[in-house]
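The values are calculated or read from the model by the stated rules, or taken from the named source; none is laboratory data. What you see is a predicted model; the values in this text were computed from it and never measured. Here Cβ is always computed from backbone atoms with ideal geometry, including for glycine, and neighbour counts include all displayed protein chains. Protein only, heavy atoms only, side chains kept; ligands, DNA and RNA dropped before computing areas. Shrake-Rupley method; radii C 1.70, N 1.55, O 1.52, S 1.80 Å.
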Amino acid sequence: MIIFGTSNSTIHPKKLEDGSCPYCKTQDNMWIQGYHKYVHIFWIPFFSIGKKVYMVCGHCKGAFEKTEIQDQRLIQSFQDGKKNQIKTPWYHFIGLMLLVMVILLISVTPYLTNTP
Ligand SMILES: [Zn+2]
C-alpha cells in the first residue's frame with residue numbers, strides 16, 4: 001500500500017509568441033508544456049517539488065528542451081511563459097493547509113469545550 005510518494009500533474013499547454021520548430025521549421029506553432037511534481041500523502045498533494053517544462057511543436061509534435069533551441073526569440077518567449085504562465089497550482093499545498101487547519105482546531109478546541 002502506498003502511503004506517500006510523488007506524483008505529476010500536467011501543465012495546460014500555452015502557445016508561445018513567434019519562433020519556429022527546430023525540426024520541421026513550422027512558423028509560430030510552438031507550445032509550452034510540462035508537468036508539476038509534488039509529494040502526496042494518502043493521495044493528498046502536500047507540497048510542490050518543482051516542475052519540468054519543455055516546448056512542443058504543434059505541427060510535428062516534437063518535444064524540445066530549452067538547450068535544443070537556437071532561436072533566441074523563442075527562448076525568450078519560453079522563459080517569459082515559464083515565469084508568467086506556469087504557476088504552481090494552489091491545490092498542491094492542500095495537505096499543508098489541512099495540517100495547519102487541524103493544528104489550529106486542536107489548539108482552539110480546549111477553549112471552546114471549557115466554556116460553561
Ligand atoms: Zn515541428
I'd like to know if the stretch 28-38 contains one or more residues that are at positive phi, at pLDDT 90 or above and not acidic (Asp, Glu).
yes
Taking the stretch 54-68, which residues are near the ligand (Cβ under 7 Å from one of its atoms) and open to solvent by 80 Å² or more (accessible area, probe 1.4 Å)?
His59
Taking only the stretch 19-49 into account, find how many residues are in a loop (DSSP other than H, G, I, E, B) and either without any contact (Cβ under 8 Å) to a residue 12 or more places away in the chain or under 30 Å from Met101 (Cα atoms) (or both).
4
Screening Lys87, Lys61, Lys52, Lys83 for residues that are within 23 Å of the chain's Cα centre (by Cα), under 30 Å from Gln27 (Cα atoms) and assigned to a helix (DSSP H, G or I) leaves only Lys83
So, in the stretch 4-18, of the ones that are assigned to a loop (DSSP other than H, G, I, E, B) and open to solvent by less than 80 Å² (accessible area, probe 1.4 Å), which residue ends up nearest to the ligand (Cβ to nearest atom)?
Leu16
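Mind checking whether some residue in the stretch 85-92 is in contact with a Ser or Thr (Cβ under 6 Å, 6 or more places away or on another chain) and either within 19 Å of Ser9 (Cα to Cα) or more than 16 Å from the ligand (Cβ to nearest atom) (or both)?
yes
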Quick one: is Ile86 modelled with pLDDT under 95, of a type outside the set (Ser, Thr, Tyr) and under 30 Å from Ser20 (Cβ atoms)?
yes
